[in-house]
Number of protein chains: 4
Amino acid sequence: MRFFSDNAAAVSPAVLDAMVAANHVDTAYDGDALSQKLDGVFSDLFGTDCAALWVSTGTAANCLALATMVPPHGGVFCHSEAHINSDEAGAPEFFTHGAKLMPLDGEGAKLTPDTIIAARKAIRADVHRVQPHVLSITNATEYGLVYTPDEVAALSVVCREHGLGLHMDGARFANAIATLGGHPGDVTWRAGVDVLSFGFVKNGGLSAEALIFFRTDLAEIARIRRKRAGHLNSKGRYQAAQILALLEADRWLDNARAANAGAATIAAAAGDRLLYPVQANELFLRLTADEAATLRSNGFDFYDWGEGEVRLVTSWDQPVAEIEALAAAIRALGAP
Amino acid sequence: MRFFSDNAAAVSPAVLDAMVAANHVDTAYDGDALSQKLDGVFSDLFGTDCAALWVSTGTAANCLALATMVPPHGGVFCHSEAHINSDEAGAPEFFTHGAKLMPLDGEGAKLTPDTIIAARKAIRADVHRVQPHVLSITNATEYGLVYTPDEVAALSVVCREHGLGLHMDGARFANAIATLGGHPGDVTWRAGVDVLSFGFVKNGGLSAEALIFFRTDLAEIARIRRKRAGHLNSKGRYQAAQILALLEADRWLDNARAANAGAATIAAAAGDRLLYPVQANELFLRLTADEAATLRSNGFDFYDWGEGEVRLVTSWDQPVAEIEALAAAIRALGAP
Amino acid sequence: MRFFSDNAAAVSPAVLDAMVAANHVDTAYDGDALSQKLDGVFSDLFGTDCAALWVSTGTAANCLALATMVPPHGGVFCHSEAHINSDEAGAPEFFTHGAKLMPLDGEGAKLTPDTIIAARKAIRADVHRVQPHVLSITNATEYGLVYTPDEVAALSVVCREHGLGLHMDGARFANAIATLGGHPGDVTWRAGVDVLSFGFVKNGGLSAEALIFFRTDLAEIARIRRKRAGHLNSKGRYQAAQILALLEADRWLDNARAANAGAATIAAAAGDRLLYPVQANELFLRLTADEAATLRSNGFDFYDWGEGEVRLVTSWDQPVAEIEALAAAIRALGAP
Amino acid sequence: MRFFSDNAAAVSPAVLDAMVAANHVDTAYDGDALSQKLDGVFSDLFGTDCAALWVSTGTAANCLALATMVPPHGGVFCHSEAHINSDEAGAPEFFTHGAKLMPLDGEGAKLTPDTIIAARKAIRADVHRVQPHVLSITNATEYGLVYTPDEVAALSVVCREHGLGLHMDGARFANAIATLGGHPGDVTWRAGVDVLSFGFVKNGGLSAEALIFFRTDLAEIARIRRKRAGHLNSKGRYQAAQILALLEADRWLDNARAANAGAATIAAAAGDRLLYPVQANELFLRLTADEAATLRSNGFDFYDWGEGEVRLVTSWDQPVAEIEALAAAIRALGAP
C-alpha cells in the first residue's frame, strides 16, 4: 500500500478516455481544437481573462513561469524547502539563465509578509547584490499547509510595494481549493497572483500541467520559451485532452477531495504525532524507527523525512480500505 | 486530406492500449518497471550496450544529446536546414548554454566528409574562434534523403580525426531503416554514431521519443539534464509504454514502411516534379501556384516550401485511398 | 615593422599620464569623480543625452550592448564576418544567454537594407523560428569600409519597421569619423543607432572602451550586467581616465587621422592590389605567396587573409618611416 | 580618512612604472613577453607547476575558476557571506551557466570540515537534487580571518572524499600570507587547493588579478572562457606588467604587511569592541550609532555593518598618521 507520493498514483480513466477520443488527425503542436480551448476554459473557471499553456511537468510549469518574471540577473524569493529550490535539480536556474533563488524560512514551508519585508530590506539596492524580482509560494505547501486568500493577498501587497511578481506553485492547487472551498479566483488573481502552475498530474492526470497567466502579457514569451525548452509537444491535443477531462464535471475537485479525505482520516488517527496541521493530502508524522518498521512490515510504504519523522501522501484513487487500514495501524502504535 | 506533417497523424492504437495497460500504481519518474526495461530492449535492438532515455519531444532529445557532447564554448556542425538550426527556436543554444551552431551546406540537407573537412580547416584553432565539438546529421534528412551506413561511417572517420562527436537526429530514423533494410546498428554505432535521437512520435507514438547513448558514459549527464530541463515526467511509465509498444512486433518498422510506401506511390506519380529522390516519407515537388491551388481545391492540404515548391509528408496511418487520390490528382496536372 | 593589428600598438602617453594623475584615493567601482563625468562628456560630444559605461574590451562592450537588446530566445542580424560572429569566441551567445547570431552577406562586411529585408522575410513568424531583435553593424567594417550617415539611416528605417534595435560596433569608430569628417552624432543617434561600442584601445587607449547608450533606458540593465560579467573594475577611475584623456583636445580624432593617413599612403602604392577601397586604417591586398614572402623578408609583419590575400593594419603611432618603407616595398613588387 | 575599502586605495608607483615601461609595440592579447612569463613566475613562487592567467577583476577570477570546476547542473559550497554569494551580482551563476551556490554557515565566514560533511550528507544523491562539485573558501575571509594550512588541508580531505574541487578566493591572499608567514604553497596546493584567485588590485594593483591553476588541466578551458567572457584584454602586457611589478622584490608581501600592521594598531585600540580577531586588514567593531557619528565627525569614513556594528579596512598605502589618529579616536570613545 503506497503512501509514497501522489506521483505514483494511476491516471483517471476519464483522462485516458479523453486521450483515446482525441486520437484522430489534427493540427500539430498547440494548433489543435482542444489546445485552442484552454484559454477560454480557464478564463471561465477563474472568472477572468487568462492565458493557459499545457506543459508536461510541474518543473517545466514552474520554471517557464519564473523565466517570464525574472531576468537572468534577478532573484526569486521562495521558501528554502520550496520544490523549486530543493527538488528541481537547478531547473529554475536553467530556465531563467542563472537567476538566484533566495531561500527564506517559515513554518510548514509557508512564508509571511514580515519575512519578505525583512529579506528585501536586507538586500542593499546596488549592482553588487542580486535584486529580487519575484516571490514564489506553493499552495498547498510542501508540508501540506494551505494559504488562504487573505494570506496570499497580504503577500501580494508586499510584492506590489517592492516590485515583485507573484508566482504560485500549485502542484497541489486542487487540494488547496478542495480545502478552501471557495472560488479558485479568490486565492489566485483576486489575491494578486500573476502566474499559477496548476497541477493535474498528481491529481489524476498523465502528463499535462497547466500554466496559467493572469498577466496575459507574459504568456507570449512563455509560448516561445516552451518551444525553446523542448516542451511544445508535437501532438499537443493529447495534452489538452487530459486537462479538459479533469476540468469537466469538476473531476479535479472530486479527485482532490478524495485525496484530502483520506489524509483527514489518517490525521484523525495520528493525533499528537502530527508535525503540521493536515490541510491537504500530505501528512508528516513523528514515528520512531521501530514504529516505522512496524508499519512497513504491515505493508505500508512511505518515505522517512528526517530523524524520527515520516511523510505520508494520499492519492485521488487510494482505496478507502487502504486508508482505513493505515489509520488503524497508526492507532495501534499507541501514544507517541 | 492532410499531407502537412506526420506530426498531425493519429497515435497507434497499440500505443494507447499499452498506456491503458500501464495504468496502475508504480514507482514515479523513471523508476517504474517499464522505464527500467528500456536500456535492455534497445541494447537488444541495436546489438550493443546502450543507454536509453525517454523524452517527450524530438527537440528535447536532440538538445539533451548535444548538451552532453559540446561545452557552452564549443560549436556544432550541422546542415543549415537541419531541424536543430532552423526549427527548434534556439533550443540547442538553450540546452548547451550558448554553443554555436555552425551551418554547412549540402544537397538535400545531406553533408559530406569534404564539407566537414573544409569547414574545420577554415576555423583557426585559437581562443578567438569557437571550436566545433560535434557533428549532427539527420537521418532521414529534412529533405527525405537517407544516409547509408557507408556514408555515415565516412563522416565518422572525419569526426574521429578532428575530435568531433557524432550525433544523429533520427526524428524519422524508422523511415530511414525501412528504406535501408539492414540492421539498425549498421547505420548507427557500427558507423560511429555516438548518440541517436530515435523518433517515435511521428511514427505512431503520442509523446515519447528515445534518446539512445551508444557512448553510455554520456547518459548519466543526460539523466541529470533531463530533470533539469523539466523533462523527467513524474509518471514515466506512460512514456516507456509507448516506446515499448512500438518496438514490439516491429510495429515501428511496419509503420515506417507504410508511410514510405505512400510516399513512393505519390513519387511515381510526380515524376519530374520531384526536387529530390524520395527515400523516406517526405516529397518536395515543383508546383506552380495554380497547380498547388488545384490540388488544394481537391481537398489536399500541404505546405508551400518556397517559390514554386511544396512539401508533402505521408504518415504511418494515411489511408491508401488518400494516397491514391493524391497520386491521381498530381498525374492529372500533366507534365510540369 | 608591425602591420598585424592596431591592438599591438603602444598606448598614448597622454593616456598613461592621465592614469598617473588619477593615482590617489577615490571612491571604488564607478563612483569616482572621473567615471561620473562620462555621461556628461559623451552627451556633449554626441549632442544628445546618452549614458556611457567604461568596459575593458571591445568584446565586452559589444556583448553587453547586445545583452540589453535581445532576449535569450531572440536573434541578432550581423555580417557573417562581423567580429561578434567570427572573433569573439561565442561571447555574444554567452552574454545574451544563447541568442542566435544570424549571419548575412555583403561586400566588404557591409550590409544593405535589401539584405536585411530579405532575411527578415525569410523567417516565418512563429515559435519554431528564432526571431531577430537586433541588427549589429560595424563601422568602420572588418574590411575597413565606412558606413555613411545616409547608409546607417536607411538601415535604421528597416530596423524600425521590423522591430529591430540597432547596434554599432565601433571598434574603429574613430577611424570612421576621421574619414566621414562630420559630427559623431550624424552617423549614430541621428541615423537611428541605439547603442554604440566606441573603441579606444586600438586608438591609443590601454584597457578602456566606452559603451554608449543613446537609448538611456537600456543603460541601467547594462550597469547590472557589467558587474555580473566581472567587468566592473574596482578601481574604475583608471578606466575613465583613459577615455577622458583621449577625448580631450580631440586626441581620439588625431590618432585616427594618423592611422588613416598611413593606410592612405600605402593604398596609393598598392593600387590595383587593393581588394576593397581603403576608408579607414585597414588594407586588404592581393599578394602572391612569393610577394608576401618578399615583404616579410624586408621586415614587414602582417597576416595572411586567405589564399593570395593579406591584411595590413596601420596604427595611430606608426612611424611615418615605416609607412613609407612599406609603400615603397609594395611599389617595388611591380604590377600584380 | 578613508577606511571604507582597500579598493579605494591608490596604485603602487611600481605598478604604474611597470606599465609605462611596457609601453611599446608587442604581440596582442596574451602573446606578449610579459604575459608569457606568468606561468613561470608563479610556478617559482608556489614551488610547483602552475598555470597563471591575468584577469581584470576578482569577480572574473573567482567565476572563471568556478566555471572550470562545476558543470551548469552542479553546486558550489561556500559561506553564506562569501563574496561570490553576496557581492558578485550573480556572476558565479552567469559564468557557470546556472550552477547553484549552496551557502553554509560558520563563524567569521570560515567553514569547517564538519559543516561540509553535514551539508553533503543532507543532499540526497539523485537527479532531483543539485549535487555539489566544488568548495570555495576565502582566505583571508570576508571577516578578516585567516585559514591556516592545517585548516585548509582538513577541508581538502573532505573535498577529496566527496569529489569536490577546492577553490580559494584570495582577494586578500597577500594579507593572509603576511599573517601566516610561511611559504605560499603551504596554504594552497600543498593543502589541496586546486585553483586560487590571487588578488592584487586591493594590494597596490590597478586592474590585474591572477588566476592560478594548480590543476593545470583546467587552465586551457579557463583561457577559452576568459576570451568568451570578454576578459582577454587586447593589450595584455599592461595586465601582466602590474602583477610582475608586485611580485618583484616581494612588494605584494610588503604591501600586505603594511595594511595588516595598520589593522593591528587599530585592533589594539579597539579591544573589546572587536567582533572577530584581527588577522588581516579588516576590522569589525561594535559601535553605537553615536560613537560611529563621533568618529565620522572626526573625519573617519567607514561602512556600517548591521545594527551597532561597523567595518574598517586598512590599505597598503594608508598613512601611519591616519592609522594612529583612528586608534586614538577609538580609544577616546572609552569602554564599549
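The values are calculated or read from the model by the stated rules, or taken from the named source; none is laboratory data. Everything numeric here is computed off the predicted structure, so don't read it as measured data. All Cβ positions, even for glycine, are placed from backbone atoms using ideal geometry, and neighbour counts span all protein chains on display. We work out accessible area using only protein heavy atoms, side chains counted, and drop any ligands, DNA or RNA first. Shrake-Rupley method; radii C 1.70, N 1.55, O 1.52, S 1.80 Å.
General remarks:
- Filter result (open to solvent by 20 Å² or more (accessible area, probe 1.4 Å), more than 7 Å from chain A (Cβ to nearest Cβ), assigned to a loop (DSSP other than H, G, I, E, B) and among the acidic types (Asp, Glu)) within the stretch B:1-33: B:ASP30
- Within the stretch D:201-210, if we keep just the residues that are within 11 Å of chain C (Cβ to nearest Cβ) and not acidic (Asp, Glu), the residue that is most open to solvent (accessible area, probe 1.4 Å) turns out to be D:LYS202.
- Checking each residue in the stretch C:228-270 for being within 14 Å of chain D (Cβ to nearest Cβ) and free of Cβ contacts under 8 Å to residues at least 40 places away in the same chain picks out C:ARG228, C:GLY230.
- In the set (1) over 30 Å from A:GLU307 (Cα atoms); (2) in a helix (DSSP H, G or I), A:HIS231 fails one condition alone, (2).
- Filter result (under 9 Å from the mean Cα position of the chain (by Cα), closer than 16 Å to A:LEU66 by Cα and touching a residue at least 60 places away in the same chain (Cβ under 8 Å)) within the stretch A:168-195: A:ASP169, A:ALA171
- Residues that are surrounded by fewer than 17 Cβ atoms within 10 Å (Cβ to Cβ) and among the β-branched types (Val, Ile, Thr) within the stretch B:307-323 comprise just one, B:VAL320.
- Any hit, the stretch B:37-60, residues being closer than 30 Å to A:ALA9 by Cβ, open to solvent by 30 Å² or more (accessible area, probe 1.4 Å) and hydrophobic (A, V, I, L, M, F, W, C): yes
- Just one of the listed residues (D:ARG225, D:ARG296) is modelled with pLDDT of 95 or more, of a type in the set (Lys, Arg) and more than 30 Å from D:THR68 (Cα to Cα), and it is D:ARG296.
- Among (1) open to solvent by 60 Å² or more (accessible area, probe 1.4 Å); (2) hydrophobic (A, V, I, L, M, F, W, C); (3) in a helix (DSSP H, G or I) - the single one A:ALA329 does not satisfy: (1)
- Within the set B:ARG226, B:ARG215, the sole residue that is of a type in the set (Lys, Arg) and closer than 23 Å to B:PRO149 by Cα turns out to be B:ARG215.
- Selection status of B:ALA258, modelled with pLDDT of 95 or more, open to solvent by 40 Å² or more (accessible area, probe 1.4 Å), in a helix (DSSP H, G or I) and of a type in the set (A, V, I, L, M): yes
- Complete set of residues in the stretch D:83-107 that are open to solvent by less than 10 Å² (accessible area, probe 1.4 Å), more than 25 Å from D:GLU161 (Cα to Cα) and more than 8 Å from chain A (Cβ to nearest Cβ): D:ALA91, D:PHE95
- Residue check for C:SER43: more than 12 Å from chain D (Cβ to nearest Cβ) and of a type in the set (S, T, N, Q): yes
- Test: A:ALA270 is touching a strand residue (DSSP E or B) at 6+ places or on another chain (Cβ under 9 Å), open to solvent by less than 20 Å² (accessible area, probe 1.4 Å) and in a helix (DSSP H, G or I): yes
- Of the listed requirements (1) within 25 Å of A:ALA171 (Cα to Cα); (2) free of Cβ contacts under 8 Å to residues at least 24 places away in the same chain, A:ALA292 misses just one: (1).
- Checklist (1) in a helix (DSSP H, G or I); (2) open to solvent by less than 10 Å² (accessible area, probe 1.4 Å) applied to C:PHE77, failing item: (1)
- Identity of the residue in the stretch D:46-73, in contact with a Gly (Cβ under 8 Å, 6 or more places away or on another chain) and away from chain C (no Cβ under 14 Å), that ends up nearest to A:GLY98 (Cα to Cα): D:HIS73
- From the list A:TYR238, A:TYR303, the one residue that fits, being open to solvent by 10 Å² or more (accessible area, probe 1.4 Å) and hydroxyl-bearing (Ser, Thr, Tyr), is A:TYR303.
- Within the stretch A:211-223, being within 12 Å of chain B (Cβ to nearest Cβ) and either surrounded by 24 or more Cβ atoms within 10 Å (Cβ to Cβ) or under 17 Å from the mean Cα position of the chain (by Cα) (or both) holds for one residue alone: A:LEU211.
- B:PRO132 vs. criteria in contact (Cβ under 8 Å) with a residue 40 or more places away in the chain and within 12 Å of chain C (Cβ to nearest Cβ): yes
- Number of positions in the stretch D:171-196 that are small (Gly, Ala, Ser), more than 23 Å from C:ARG237 (Cα to Cα) and either buried (at least 24 other Cβ atoms within 10 Å of the Cβ) or within 14 Å of chain C (Cβ to nearest Cβ) (or both): 3
- Comparison of B:ALA249, B:ALA263 shows that the only residue that is under 29 Å from B:VAL20 (Cα atoms), among the aliphatic types (A, V, I, L, M) and assigned to a helix (DSSP H, G or I) is B:ALA249.
- Sub-9 Å Cβ pairs linking a first residue in the stretch B:45-59 that is farther than 26 Å from A:SER234 by Cα to a second residue that is acidic (Asp, Glu), at least 6 apart or interchain, are B:ASP49/B:ASP39; B:CYS50/B:ASP39, ordered by first then second residue.
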